[in-house]
1. Expressed as an acute angle from 0 to 90° and rounded to the nearest 10, what is the orientation of the C-alpha long axis of helix 17-29 relative to the principal long axis of the chain?
2. Roughly how many percent of the accessible protein surface of segment 157-293 is carbon and sulfur, given a 1.4 Å probe and a whole-percent answer?
3. Skip the ligands, DNA and RNA, and give the accessible area per residue of segment 120-193 with a 1.4 Å probe, whole Å².
4. If I fit a long axis through the Cα atoms of helix 70-83 and take the longest principal axis of the Cα atoms of the chain, what angle between them do I get, 0 to 90°, rounded to 10?
5. Taking the Cβ of Pro18 as the centre, find all other residues whose Cβ is under 15 Å away and add up their charges (Lys, Arg: +1; Asp, Glu: -1).
6. How much length is gained on full extension from His244 to Ala188, taking 0.36 nm per residue of separation minus their Cα-Cα distance?
7. Among Ala162, Ala221, Gln306, whose Cα lies farthest out toward the positive end of the dipole of the chain, if unit charges sit on the beta carbon of Lys, Arg (+1) and Asp, Glu (-1)?
8. GNM on the chain, C-alpha springs below 10 Å: top fluctuator among Arg194, Arg186, Arg272?
Amino acid sequence: MAEVLVYVDHVDGAVRKPTLELLTLARRLGEPVAVALGAGAEATAATLAEHGATRVLTADASEFADYLVVPKVDALQAACKAVSPAAVLIPSSAEGKEIAARLAVRIGSGLITDAIDLEAGDEGPIATQSAFAAAFTTKSRVTRGTPVITVKPNSAPVEAAAAAGVVEALAVSFSEAATGTKVTARTARESTGRPELTEAAIVVSGGRGVNGAENFPLIEALADSLGAAVGASRAAVDAGWYPHTNQVGQTGKSVSPQLYIAAGISGAIQHRAGMQTSKTIVAINKDPEAPIFDLVDYGVVGDLFQVVPQLTEEITAR
Ligand code: FAD
């Protein structure tokens, strides 16, 4: 059976959820072979084996921590050479997309980004993408070289599937470009205790309708009642009401949760670009003509200052 490389996104050996989702998709295409790099790479093996990885190729070197993405591209290129995979799957994070693009150029392959589904095809994997505010979905296939595909978080379920997960050392020789850009400092963001925006199963976002930073705790309280992440429209971010790290949209983050709740957000195309692939969309807006209502599964026409606290209270009571 063909092997499919899965790039492992992990923090000191703790595998992040989007990688486990990739393993589910990889099993549709062949046998998943995971590539884990950096400190804690070997510690990922048990989790990866529980989710279907037949082999785990690991490499650790200071280059992975000290420099930006090129050392990781070098490692994935070495893995491609060693495995001759049917495809390479990478999570659609900012870093993942940069790695994928550079890898595709290196190995002379085509690239598909932000897939929301994958299926096996006679001539290679077929990727589904969403376009024009989810008005269309497209299916495409890489026609040259080994397909390199990035997949949006929350596009597939995490499924347990016991496999051998045999750990093998991956030999990597770093290119000259690998040490071109050095990391000079890392600053950990203060934890809010909420899930990471791009990985969260539920996102509650607030927009200009929230009308001030002092009112965002209303959005946070609803998010906390649901165990959700908090997002914001650019209007709310530009006004200084919420940090840019939480902006959803074309110039913010792209999210694809099971449930997206938009409160006081009109639904501009640039906002939709970051949330249109959410599975279920709920909007709370006092304007029945707001464009967001064209996109939603459930719409509440009402004042968010009444609806959001009621919703929070109802959910908390359950
Ligand atoms: P508005 O469009 O002002 O909508 C506010 C909504 O709140 C209205 O529909 C109103 O009816 C409703 N409302 C008001 N009060 C209440 C209330 N009490 N209860 C309920 N509803 C209420 N935007 C993004 O979000 N993300 C991006 O990444 C992004 N990138 C951009 C990139 C470019 C190049 C450009 C040009 C624009 C970008 N924008 C982005 C901006 C985008 O075009 C919109 O301006 C922005 O999304 C509007 O934010 P909003 O919906 O919060 O505000």
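The values are calculated or read from the model by the stated rules, or taken from the named source; none is laboratory data. On a predicted model such as this, the values are computed, not experimentally measured, just so you know. Heads up, the Cβs are rebuilt from the backbone with ideal geometry, glycines too, and the neighbour counts pull from every protein chain shown. Each accessible area value is taken on the protein alone, full model and side chains, heavy atoms only, with ligands, DNA and RNA left out. Shrake-Rupley method; radii C 1.70, N 1.55, O 1.52, S 1.80 Å.
1. 60 degrees
2. Carbon-and-sulfur percentage of accessible area, whole number: 51.
3. Working: 4880 Å² over 74 residues.
On a per-residue basis, 66 Å².
4. Taking Cα atoms only, the helix is inclined about 60 degrees.
5. Residues close to Pro18 contribute a combined charge of -3.
6. Numbers: separation 56, 0.36 × 56 = 20.16 nm, distance 1.56 nm.
Length gained between His244 and Ala188: 18.6 nm.
7. Ala162
8. Residue with maximal mean-square fluctuation among Arg194, Arg186, Arg272: Arg186.
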